[in-house]
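Notes for the one structure printed next.
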Amino acid sequence: MNLLDTVLRCVATLVVFLVLPLVIGQTEHKVMAHMQGRLGPMYAGGFHGWAQLVADGVKFAQKEDIVPAGADRRVFQLAPAVSLLPYLFVLLAIPVGPDGFVGQAIDAGLFFVLAVMGVGVIGKLMAGWASANKFSLLGGLRTAAQLMSYELPLVLAAASVAMAAGTLSLPGIVDAWEWYWLPWQLIGAFVFFTAGLAELQRPPFDMPIADSEIIFGAYTEYTGLRFALFLLSEYVGILVVSALTAVLFLGGWHGPLPDQLGWLWMLLKTFALAFVVIWLRVTYPRLREDQLMRFAWTVLIPLALVQLALTGIIKVAIS
């Protein structure tokens, strides 16, 4: 791989990192407006509120940047970047199409993305601890507890796909994927996608930012662009979890389109899953903290173990 090719891949990944999450955010505005009859996002800019995203950006940019007097200033200021940047490195490893159409091919790509995704929680812990606010600290601790609980079913579900494909390489998993996998990997797909939502703290798993209990969790003291970076990390997370689900369980770029247009099929799958994330936010109420933890340990983890055992049995039977 020459230098120019490397630069182009990095630039393409950066464009995806900056543009597609904003598209998902704009889509969430519109989908929630239609589903809940919230007309506000339909006015900015005229036709269908096309400028709502611009208006939000201007609003965040104009807000005063405040650091609490008792906060640890350096840690407080660094936390949004620590929450956001791991997703950029994950996007580098997600294949979009065949023939090396990926930012950086990694032999153990699945291991890499699962490890790096867990780094984001450090940023939220930093935000909660450094804010000198009890509500923020409680939100950060809830985030850590939730991540530790849902990381296990997430990894177990991903391990079943790696076992079926016989590789940890994400392009290798897509190349090995067959449509007959879909029925016997459905349990794993459900576990992986649900655990991914919980790690993103998306409704109904948004107890760490429960505004009715702890104001806005670890983000309570943040304003302006720093607060916007936390929101951006959430939308990049939706993109990453949706893309990984498509790669692991839906065949990635495989579909009715030719492989040369596989990136388009991958994009359609990713945005379809992102729509499901938005739809779940509108549809289901927030779980209680005890319900959230019980769901991880008594439902998702046993299901992930069943999926892992089923995959092993089928692999032995096939071989």
* Structure fact -> Taking region 282-312 and keeping residues in a helix (DSSP H, G or I), buried (at least 16 other Cβ atoms within 10 Å of the Cβ) and at pLDDT below 90 leaves L292, M293
* Structure fact -> All conditions in (1) surrounded by fewer than 18 Cβ atoms within 10 Å (Cβ to Cβ); (2) in contact with a strand residue (DSSP E or B) (Cβ under 7 Å, 6 or more places away or on another chain) are true of G118 except (2)
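What's the total number of residues in region 153-178 that are hydrophobic (A, V, I, L, M, F, W, C) and part of a loop (DSSP other than H, G, I, E, B)?
Matching residues across region 153-178 total 2.
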* Name the pairs: first residue in region 266-285 and aromatic (F, W, Y), second residue surrounded by 13 or more Cβ atoms within 10 Å (Cβ to Cβ), Cβ to Cβ under 6 Å, at least 6 apart or on different chains? -> Y284/P204
* Structure fact -> Taking region 170-188 and keeping residues surrounded by 21 or more Cβ atoms within 10 Å (Cβ to Cβ) and either more than 20 Å from D259 (Cα to Cα) or not hydrophobic (A, V, I, L, M, F, W, C) (or both) leaves P171, Q185, G188
* To do: Might you let me know whether region 48-66 holds any residue that is at negative phi and touching a His at 6+ places or on another chain (Cβ under 6 Å)?
  => yes
* Asked: Can you tell me which residues in region 64-78 are surrounded by fewer than 15 Cβ atoms within 10 Å (Cβ to Cβ) and of a type in the set (G, A, S)?
  -> A69, G70
* For region 186-230, enumerate the residues that are within 22 Å of W297 (Cβ to Cβ), out of contact with any Leu (no Cβ under 8 Å at 6 or more places or on another chain) and in a loop (DSSP other than H, G, I, E, B). => Q201, D206, A210
* Matching entry among K59, K124 (being touching a helix residue (DSSP H, G or I) at 6+ places or on another chain (Cβ under 6 Å) and within 30 Å of L141 (Cα to Cα)) -> K124
* Structure fact -> Of those in region 13-40 that are in contact with a helix residue (DSSP H, G or I) (Cβ under 8 Å, 6 or more places away or on another chain) and not in a helix (DSSP H, G or I), the residue surrounded by the most Cβ atoms within 10 Å (Cβ to Cβ) is R38
* Structure fact -> For region 58-98, the count of residues that are under 30 Å from A12 (Cβ atoms), not in a helix (DSSP H, G or I) and not hydrophobic (A, V, I, L, M, F, W, C) equals 3
* A55 is checked against (1) of a type in the set (A, V, I, L, M); (2) surrounded by 13 or more Cβ atoms within 10 Å (Cβ to Cβ); (3) assigned to a helix (DSSP H, G or I); (4) touching a residue at least 12 places away in the same chain (Cβ under 8 Å) and fails just one. What number does that condition carry? -> (4)
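The values are calculated or read from the model by the stated rules, or taken from the named source; none is laboratory data. Quick caveat: nothing in here was measured; it's all calculated off a predicted structure. FYI the Cβ positions are ideal-geometry reconstructions off the backbone, even for glycines, and counts take in every protein chain you see.
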